[in-house]
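The values are calculated or read from the model by the stated rules, or taken from the named source; none is laboratory data. Values in this document were obtained by computation on a predicted structure and should not be read as measured data. Calculation scope for accessible area: heavy atoms of the full protein, side chains included, ligands and nucleic acids excluded. Shrake-Rupley method; radii C 1.70, N 1.55, O 1.52, S 1.80 Å.
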Amino acid sequence: MTPNITLVLVVGVLFSTGVYLLLARSVVRALIGFLLLSNGANILFLIASGRAGRAPIVGRNDGARMSDPLPQALVLTAIVIGLCMTAFMLALAHRSWQLSETDVLADDVEDTRIHRRATDNDMSESDYQDRDRPEDEPVAPHPAGLPVPDGPTTYDDHLDENDDAHDDQKTQTVTGGKEG
Amino acid sequence: MGLEDLVPLPVILPLVGAGITLAAAGHTRVQRFTSLSVVTAVLAVSMALLWATDQRGPQVVHVGGWPPTEGIVLVADRLSALMLIVSSAVTLAVLRYSVGLGRSAFDEEHDGEAPLPIFHPTLLVLTAGVSTTFVSGDLFHLYVGFEMLLAASFVLLTLGGTQDRVRAGISYAYVSLLSSLVFLVAIALIYASAGTVNMAILAQRLDALPPGTSLALHAMLLLGFAIKAAVFPLSGWLPDSYPTAPAPVTAVFAGLLTKVGIYAMIRTQTLLFPDGRLNTLLLWAALLTMLVGILGAVAQDDIKRMLSFTLVSHIGYMLFGIAVGSEKGYSSAIFYVVHHIAIQTTLFLVAGLIERFGGSTSLSRLSGLATSAPLLGVLFFVPALNLAGIPPFSGFLGKVGLMQAGADLGTPLAYLLLAGSALTSLLTLYAVSRVWGRAFWRAPEEAMAGSGPGAVRASREHALTYGVVMPTTVLVVVGVGLTVVAGPLFHITDRAAADLLNRSTYVQSVLVNSTADGGAP
């Protein structure tokens, strides 16, 4: 089997651009990346089906000159599935926009909190307490001397250029201690 | 009407049930009755299938009467039947639990009192998708099964559409879609090189491929499945997304979705690429999955997140069994899958009960549960010890089996894995004992002050109703019961593993039957 070089190139371009877009934190960009990738996969099936031939209808053409019908059936299924997934992701992206008015995926709050505790060397929730220290002595502030937020906070400080709408919030959280 | 006619039922029944429950969207009773009876029927069918496959060999259905070169085949062997039984049993318990919760439990934040008629149909589609992957004998059909359960899981994960769930849902959806895409590309390449997607025929043809080509195909398939199974470098998505969903949803996800990936890996490693060239790589992945996962669990403050990390960590055990590649390794891995589906689901349901009773799953807020809810203590304690692998329980038996298989392999890496799995077991014990020490044994006054005691007390009255405690208790008992039936169960998994390694049983039953009664309709 000799694959068609044009199709191979198309698949290569679709995959590379798709991967690039999928790496974005923007929900819609990543969706476009997914679309390009899934179309690349569909074309890959066309390459897999081998040489182009006549329409694969039994009785219309003789078997030797037909193109392989099975990959076409597979691609049709894959296209339908891709369409459904795209519709769902669009709905999800819209819902995310409704709720947060940004297209950028936020960090997990609990994850960020635990990470911050680790970088601040904050042992206040540890199982091991210093028995020798009197109860009422305040816990020494951690080296950087920055306030440790308690309770859920939105950490928008990672989410830079793309969201200008959040500039005011950003400055607040940045003062909340990024260099901990 | 032969026994093989049972094979499509675990797929068809839930789909029909999904249609009925969707049509009966306004009628809660009809929905509950339909889905409970459908899943019970699937459980019964799966048991019959296990008997049939154990006594008479793999059951094969050629869908539409097409020969395997052209159409889809459904194959149930011992492994599939066993997985079907466990998955439907767990789904039944979760379904009963969610019925016990009542509908208003799913509307936590700003759904108000609106009922969620979509829950039952979606859960049934998820069941159908999971069953499809277990009985499929065709790679592309396996992909369709994956997409069915993924689409359903997206909906379940984002129920209610709150901010947390949408955020978790988006990252979960992208990772899942990417893994499916890798799988799809692998299928296209396999078709290009072998000219078929039927697994039995592939088993014969892939051996003839040049080693480089087959290694590339093998690696791509494993990559796709490893993302689904949350194997270490590809596991970051799981603890981020699972804890935000409602308790029954997380429970069913934790029990089933990653195990579907493990099942697909077992099939790839035994049926398609039995040469074991990637086993060393898989052993390293297993070691890292165990250790990194459990170290993550130790650092968590939230019970649900801690459980999600133990889920990742214990995937490493199953991968260990697969990577050893011996009959004993596969047998123990299958046993461990059965054990882990039951236990992990139970623990997530218990976490749901703790959340209902204590108003939170955060360890800094919970305290004194051992005195205020002793029953909850028992329900948590038994599966927690089981997960950690304390001797009488099935977790211990599974781990011993895996370690024996590793010791039989005898390489330095295998002994490293042995040490790693013992360490993981100890750290699991530490992680669950942290929960026990804080949420259950800590004196009640100190932490309850912050979280509105009046509201908590009012909700406590209705927290532990019969409807939610009963299914959880049943699952705890099933988990303990796995120890009692461990002997016969290990015999079945031994035979299943022998079948897997001796591929001819599977291949013969797919191909021979097709010449006997096959041909186009």
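Here are a few things to note about the model shown:
- Rounded to the nearest whole Hz, the Karplus-based 3J(HN,Hα) values (6.51 cos²θ - 1.76 cosθ + 1.60, θ = phi - 60°) of segment A:6-20 follow the sequence 4, 4, 4, 5, 4, 4, x, 5, 4, 5, 5, 5, x, 4, 4, with x at glycine and proline.
- Projected-area average for segment B:151-289 over all orientations - Cα convex hull basis, square nanometres: 8.5
- Segment B:303-338 and segment B:249-264: distance between their alpha carbon centers, rounded to Å: 12
- Between chain B and chain A, roughly 3600 Å² of accessible surface gets buried, counting both sides and using a 1.4 Å probe.
- Summarising the amide proton neighbourhood of residue B:72: residues at separation of 5 or more, or on other chains, whose placed amide H is nearer than 5 Å comprise B:63.
- Relative contact order %, segment A:5-100, counting alpha carbon pairs below 8 Å whose residues are six or more apart: 24
- Interface residues of segment A:34-65, defined as those losing at least 30 Å² of solvent-accessible heavy-atom surface relative to the isolated chain (probe radius 1.4 Å), are listed as A:34, A:41, A:44, A:45, A:48.
- Legend: translational diffusion of segment B:120-159 by Stokes-Einstein, Rh = Kirkwood radius over C-alpha pairs, 20 °C, 1.002 mPa s; D = 218 µm²/s.
- Compared with its chain on its own, segment A:69-92 contains the following residues whose accessible area drops by 50 Å² or more in the full protein assembly (probe 1.4 Å; ligands, DNA and RNA excluded): A:70, A:74, A:81, A:85, A:88, A:89, A:92.
- Accessible-area composition of the protein assembly as shown, carbon plus sulfur, in percent [1.4 Å probe]: 65
- Spatially, segment A:49-94 and segment A:1-27 are offset by 18 Å when compared through their Cα centroids.
- Computed with the Debye formula from one identical point scatterer per Cα of segment B:1-44, without solvent, the log10 of I(q)/I(0) at q = 0.26 Å⁻¹ comes to -0.85.
- Nonlocal amide H pairs with residue A:66, under 5 Å, H built at 1.01 Å: A:54
- Average accessible area per residue (Å²) across segment B:3-511 - probe 1.4 Å, nucleic acids and ligands excluded: 31
- When the convex hull of its Cα atoms is projected in every direction, mean area for the protein assembly as shown (nm²): 32.7
- Contact order, relative form, for segment B:3-511: 16 percent (alpha carbon pairs under 8 Å, 6 or more residues apart, mean separation divided by residue count).
- When the Cα convex hull of segment B:344-411 is projected onto planes of every orientation, the mean area is 6.0 nm².
- The Cα atoms of segment B:1-86 give a gyration tensor whose axes a ≥ b ≥ c have a/c of 1.5 or more with a/b no greater than b/c, which makes the shape oblate.
- Centroid-to-centroid separation of segment B:190-219 and segment B:65-84 [C-alpha atoms, Å]: 19
- The value obtained for chain B, namely the Cα convex hull volume divided by the number of residues, is 131 Å³ per residue.
- Based on alpha-carbon atoms, the Kirkwood radius and the radius of gyration of segment A:5-100 give Rg/Rh equal to 1.13.
- For segment B:268-326, the percent of C-alpha pairs falling in each 10 Å distance bin, counted from 0 to the bin holding the largest distance, reads 26, 40, 23, 11, 1.
- Accessible surface, segment A:5-100, averaged per residue in Å² (probe 1.4 Å): 56
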